[in-house]
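**Student:** Structure in structure tokens, see below.
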């Protein structure tokens, strides 16, 4: 940021953030730290006061992009204390011992963090700025896109509230009201695509002495090709377990598990080691909702000079790369940098945000879809493991020249689209190299045989 | 249809068709001819009584799929009398004479027909069945998807009307209210994608003696790479002319044409022969709206047993293959055949409709997007014309084995997805063949030189 940062006069209307979730709360801090007054409107009650019903993942994987965005508002150290490092994927076969596939170098790991804990920290940090105000139980019901006026309705009094804004930031998630308003504007490009698979959250409790019952520093995966179970550790020594599986169809599906006996038998057969650690399995299974998995793509991310969307509202992705929150937080970093560049000219910054961010959001959307296949199926393949091992060796000897895709996405801030293109090139090179190696070895073997037969 | 067609008892609720446009009116006829009672609700006034405002194309290209669907209700002969055959593309270069690129064999042509004339014929034919009733100025405001109840509002009295239906057929176009209701149901896949180009309708009048001022039996194209003008003949010897061009940007665009002088100079420079025939050009240009071009993809096309969508509501396409109406009419043929197969079990027929029709609708959506490039640019390339000529020769000698893509789409009822896949194979074969021919000719030339040099 330059020394002569042009802060707006105090007479300007506030910046209105729609949604006090992870992205909205962080963006509120960024805007406040730039000297803007901010009003945050949230449809649900304050989660710090009243329990908010779930339906979304309990813990999340925080990695470099998210940590970089938190560092930008001085929160990195505080957040790190809430994290459990996960150094790799612990693969659980049906029979035999689990084994660890490291995510990267020995010093690289991703972090399991509680959604609620992180969200509360962000809200409380935002509210500590005197020019930030939160309003709860006030869903957005309309946005006047050209005038920059956001309309809310008080859930209790039914009163309507109109708030003029210098900038409306829609951070209201995959079912964003702000984006729905954009969708009805002229020539808006929009796509919602659901997987035929859904998810169900379950849990593994702590041991009798408050200890973790499985390896703490790993993301556990039970890959079963057409479905999978995963588990992430929590600070209280429990694990949040998630089953991903088809809603319906021929093979394993949520529709096919109708009774407690069926659920129990299914887990006992497919995930015997996890089954042994889940005393409340069948209760959890029938009490917890079955969630759906959506990819949202749209453009542009802005309208005129005064309205923009970010995070899931702009680009919801499936959870299989652990990048949904990280991409949303990176939106804040990117938009903050654009405000630096444009001297807080909101009109130019929001247009530049669409321009800069669209290709990257599309890229992580595609990568996340692909990674479901990788997690539930490829990780169990010896050829996949072999290629991963070669990639790690190449990366060790040529760290700048060869970087595994997972590392570019997870342990760098290289734009997603660039990471995806670079990985495609690396993949082709590796395939050609392996074929060449096989041919070479064949020729050497032939030469040897010819020499021996003389 | 089998002899023992199981007609429903007279006590069943009516089939409710939402939208009295081309697809809705034709579907109403099909359902009536199957013995069902039908109520058609239309948001706009009756176009036979009051002029309905436009914003949509005045004339359309009717081809084999559409004619087949009309033949299915006995209307082919009547419709043929409203048609002007167009035997090929008349390509107008900036300088020099126009030249015809035939669409297919000498006996193959597409048909220019008035949207309003055809729509009126379909409505009047439907109303001639005593069990069909039309209701105008009653937009659909909601659909109870599970109960099969459609809700309408009378535009004049503001009265709400709820109509229970044995089947709700949403034929209400690209901005379909029925589909919008489906979009809000669980896990609905939906995409709307706009071109950055728009269109403007203009016109060429008849000559002083009521004669056509250009070749009557052709679709006229002025391909200019980044934009194009087209013209289709009408029965009154006028031509409806449409300009397709970018909304904004560096090159030619609607945004760049702000004054009458600019419009006049642009047409004089780019389309000199058309310009000379358009006395009301600048009036038309500023009076007529600039339309946008959208592709809609969604799935499924049905919900439960009692709700379905078809035509533009399910799969709006850009107009460049002249297949929007033809695909919508073919939906009626396909659904009618499924009702035959399922003995008018609506639940099974609507599920089969999604299953059968989705891939074909996706295929024509892609083909229509590609064809914009072909019409405005490729048709002006000598290599393209050369390939088309080879394809026509191949088709003449091997009519079953080699069919040009345009002919499969336009002059057959082969499923669109099959046509697209087959054309991709043919394209690869043709490219390989041309390369082989070039290599062979080079070798022959070389052999000749070697022989001569001895």
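**Student:** Considering only residues that are closer than 26 Å to residue B:72 by Cβ, more than 27 Å from the chain's Cα centre (by Cα) and free of Cβ contacts under 8 Å to residues at least 12 places away in the same chain, which ones fall in the range B:126-185?
**Tutor:** Result: B:130, single match.
**Student:** Can you tell me which residue is nearest to the other protein chains (Cβ to nearest Cβ) among those in the range A:311-344 that are assigned to a loop (DSSP other than H, G, I, E, B) and over 20 Å from residue A:419 (Cβ atoms)?
**Tutor:** The qualifying residue nearest to the other protein chains (Cβ to nearest Cβ) is A:342.
**Student:** What residue, among those in the range A:109-131 that are out of contact with any helix residue (DSSP H, G or I) (no Cβ under 8 Å at 6 or more places or on another chain) and under 30 Å from residue A:321 (Cβ atoms), is surrounded by the most Cβ atoms within 10 Å (Cβ to Cβ)?
**Tutor:** The selected residue is A:112.
**Student:** Determine if the range B:229-236 includes at least one residue that is in a strand (DSSP E or B), under 26 Å from residue B:116 (Cβ atoms) and either more than 27 Å from the chain's Cα centre (by Cα) or within 14 Å of chain A (Cβ to nearest Cβ) (or both).
**Tutor:** no
**Student:** With the condition kept exactly as written, say whether any residue in the range B:249-259 is within 14 Å of chain A (Cβ to nearest Cβ), at pLDDT 95 or above, out of contact with any helix residue (DSSP H, G or I) (no Cβ under 9 Å at 6 or more places or on another chain) and surrounded by fewer than 14 Cβ atoms within 10 Å (Cβ to Cβ).
**Tutor:** yes
**Student:** Among the residues of the range A:267-307, what is the count of those that are away from chain B (no Cβ under 14 Å), over 18 Å from residue A:205 (Cβ atoms) and part of a loop (DSSP other than H, G, I, E, B)?
**Tutor:** So the answer is 4.
**Student:** Same structure, new question: Just checking, does the range A:364-374 include any residue being more than 25 Å from residue A:411 (Cβ to Cβ), away from chain B (no Cβ under 14 Å) and crowded, with 22+ Cβ neighbours inside 10 Å?
**Tutor:** Filtering the range A:364-374 down to residues more than 25 Å from residue A:411 (Cβ to Cβ) leaves none.
Looking for residues that are more than 25 Å from residue A:411 (Cβ to Cβ), away from chain B (no Cβ under 14 Å) and crowded, with 22+ Cβ neighbours inside 10 Å, one finds none in the range A:364-374, hence no.
**Student:** With respect to residue A:167, is the statement that it is more than 17 Å from residue A:311 (Cβ to Cβ), touching a helix residue (DSSP H, G or I) at 6+ places or on another chain (Cβ under 9 Å) and more than 14 Å from chain B (Cβ to nearest Cβ) true? Break it down stepwise before answering.
**Tutor:** Working: more than 17 Å from residue A:311 (Cβ to Cβ): no; touching a helix residue (DSSP H, G or I) at 6+ places or on another chain (Cβ under 9 Å): yes; more than 14 Å from chain B (Cβ to nearest Cβ): yes.
Considered against the rule, which asks whether it is more than 17 Å from residue A:311 (Cβ to Cβ), touching a helix residue (DSSP H, G or I) at 6+ places or on another chain (Cβ under 9 Å) and more than 14 Å from chain B (Cβ to nearest Cβ), residue A:167 comes out as no.
**Student:** Out of the range B:191-209, which residues are surrounded by fewer than 19 Cβ atoms within 10 Å (Cβ to Cβ) and away from every other protein chain (no Cβ under 14 Å)?
**Tutor:** B:205, B:206, B:207, B:208, B:209
**Student:** Conditions first: (1) surrounded by fewer than 17 Cβ atoms within 10 Å (Cβ to Cβ); (2) touching a residue at least 24 places away in the same chain (Cβ under 8 Å). Residue B:89 passes all but one, so which condition is the exception?
**Tutor:** Checking residue B:89 against (1) surrounded by fewer than 17 Cβ atoms within 10 Å (Cβ to Cβ); (2) touching a residue at least 24 places away in the same chain (Cβ under 8 Å), the one that fails is (1).
**Student:** Could I ask something else about it? When you look at residue B:350, is it out of contact with any helix residue (DSSP H, G or I) (no Cβ under 6 Å at 6 or more places or on another chain), surrounded by fewer than 20 Cβ atoms within 10 Å (Cβ to Cβ) and either at pLDDT below 95 or within 30 Å of residue B:300 (Cα to Cα) (or both), yes or no?
**Tutor:** So residue B:350 fails the test.
**Student:** Is it true that some residue in the range B:132-142 is crowded, with 18+ Cβ neighbours inside 10 Å and either within 30 Å of residue B:384 (Cβ to Cβ) or modelled with pLDDT under 95 (or both)? I'd like the intermediate steps shown before the answer.
**Tutor:** Start the filter on the range B:132-142 by keeping residues that are crowded, with 18+ Cβ neighbours inside 10 Å, which leaves B:132, B:134, B:136, B:138, B:140.
When the remaining residues are screened for being either within 30 Å of residue B:384 (Cβ to Cβ) or modelled with pLDDT under 95 (or both), the result is none.
Checked the range B:132-142: no residue is crowded, with 18+ Cβ neighbours inside 10 Å and either within 30 Å of residue B:384 (Cβ to Cβ) or modelled with pLDDT under 95 (or both).
The values are calculated or read from the model by the stated rules, or taken from the named source; none is laboratory data. Quick caveat: nothing in here was measured; it's all calculated off a predicted structure. In this analysis, Cβ positions are derived from the backbone assuming ideal geometry, glycine residues included, and neighbour counts consider all displayed protein chains.
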